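Visitor: First the structure, then my questions, so here it is.
Bear in mind that the values in this text are calculations on the coordinates, not laboratory data. Keep in mind the model is a prediction, meaning the values are calculated, not measured. All Cβ positions, glycine included, derive from the backbone under ideal geometry; neighbour counts span all protein chains shown.
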Amino acid sequence: MTPPLTAQLIQRAVTELSAVDDDLAAIAKRHGPPPVWGRPAGFATLTRMILEQQVSLKAAATIYRRLGAQVGGRVTAHRLATCDIADLRAAGITGQKSSYIIGLAQAIAGGDIDLSDLARRDDDEVRRRLMELRGIGVWTSDVYLLMVLRRPDIWPVGDLALAISAQRVKRLRSRPDDKRLVRMARRWRPWRSVAARLLWQDYLAIQRRRR
């Protein structure tokens, strides 16, 4: 199993990516190597990722804060396992996502999955275990691999910001679909996670300038 990304590994990856792709090299020249963005492992992060599905990060963060207030503070599996859908809907969460989050909480509280064990598993095994849970698909499992476990060669298909950034950086007439993004990323192996971080970095810089 490959080691998680560090600042040193990211610098190495940026150097290698820059040698094979002038557009990624230009991003690195503008902004430097991307930060070692990460999220803590565990239930709370997976809950936020479920909330982030098909909504903006800002909207998801607001709903997550409401959820915390609704359950009396910290969002933990043991607290959420005893909630019902109405409790979560009171925090502004859809019924479907509420059922996903409660199911995840019950799976953890009941010992059906041990999130702390995932760091010792390879990428495919992590995906398989996460995607056995309702509400967790390819995008969520890949973002968990990329942002929490910091695996070096993950390409989160279905990420809207990534597609928008790729269209601009590659000067494409239309936004690339998932298949085109997968083909585009083949040349960035074994550092697709760092390519994604570079594209996100450029996307966020443009969003900040527009604000």
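Visitor: For the range 43-148, list log₁₀ I(q)/I(0) at each q in 0.16, 0.20, 0.24 Å⁻¹, using the Debye formula over Cα point scatterers of equal strength and ignoring solvent, two decimals each.
Guide: -0.66, -1.03, -1.42
Visitor: Next question, about the same structure. Considering the values (1) 1.07; (2) 1.49; (3) 1.23, which represents Cα Rg over 2.2 N^0.38 Å as calculated for the structure under consideration?
Guide: (1)
Visitor: Using alpha carbons only, how many degrees (0 to 90, rounded to 10) separate the axis of helix 57-70 from the longest principal axis of the chain?
Guide: Once rounded, one gets 20 degrees.
Visitor: Give me the dipole magnitude in Debye, nearest 20, for the range 118-211 about the Cα centre, with unit charges on the beta carbon: positive for Lys and Arg, negative for Asp and Glu.
Guide: It comes to approximately 560 debye.
Visitor: A further question on this structure: Aspartates and glutamates near residue 29 by alpha-carbon distance under 12 Å, same-chain residues fewer than 8 away left out - which ones?
Guide: 202
Visitor: Then there is this: Taking +1 at the Cβ of each Lys and Arg and -1 at the Cβ of each Asp and Glu, which of 75, 109, 91 sits farthest along the dipole of the range 43-148 towards its positive end, judged by Cα position relative to the Cα centre?
Guide: In the range 43-148, that residue is 91.
Visitor: Ranking 181, 24, 146 by Cβ neighbours within 10 Å, fewest first, what do you get?
Guide: 181, 24, 146
Visitor: So for the range 55-211, averaging the separation of alpha carbon pairs under 8 Å that are six or more residues apart and normalising by length, what relative contact order in percent results?
Guide: The value is 14 percent.
Visitor: Mind putting a number on the dipole of the range 1-120 about its Cα centre? Charges go on the C-beta only, +1 for Lys and Arg and -1 for Asp and Glu, and I need it in Debye to the nearest 20.
Guide: The calculation lands at about 500 debye.
Visitor: Roughly what angle does helix 192-210 make with the longest principal axis of the chain, taking Cα atoms, 0 to 90 degrees, to the nearest 10?
Guide: Tilt of helix 192-210: around 90 degrees.
Visitor: Using 0.36 nm per residue of separation minus the Cα-Cα distance, give me the extension gain between residue 99 and residue 160 in nm, one decimal.
Guide: 19.5 nm
Visitor: Could you give me the ³J(HN,Hα) list for the range 176-183, computed from phi with Karplus coefficients 6.51, -1.76, 1.60 and θ = phi - 60°, whole Hz, x at Gly and Pro?
Guide: Result, rounded to whole Hz: x, 7, 4, 5, 5, 5, 4, 5.
Visitor: Now, a different point. Out of the range 135-204, which trypsin sites (Lys or Arg not before Pro) are coil in DSSP terms and have no more than 16 other C-beta atoms within 10 Å?
Guide: The qualifying sites are 170, 171, 173.
Visitor: Under a point-charge model restricted to the Cβ atoms of Lys and Arg (+1) and Asp and Glu (-1), what is the dipole moment magnitude of the chain relative to its Cα centre, in debye to the nearest 20?
Guide: 1000 debye
Visitor: Please give the calculated 222 nm ellipticity per residue for the chain, where each DSSP H segment of at least 4 residues contributes -39500 (n - 2.57) and the sum is spread over every residue; nearest 500 deg cm²/dmol?
Guide: Value at 222 nm, helices only: -17500 deg cm²/dmol.
Visitor: Taking only Cα atoms, what is the 0 to 90° angle, nearest 10, from helix 95-109's long axis to the longest principal axis of the chain?
Guide: That works out to roughly 80 degrees.
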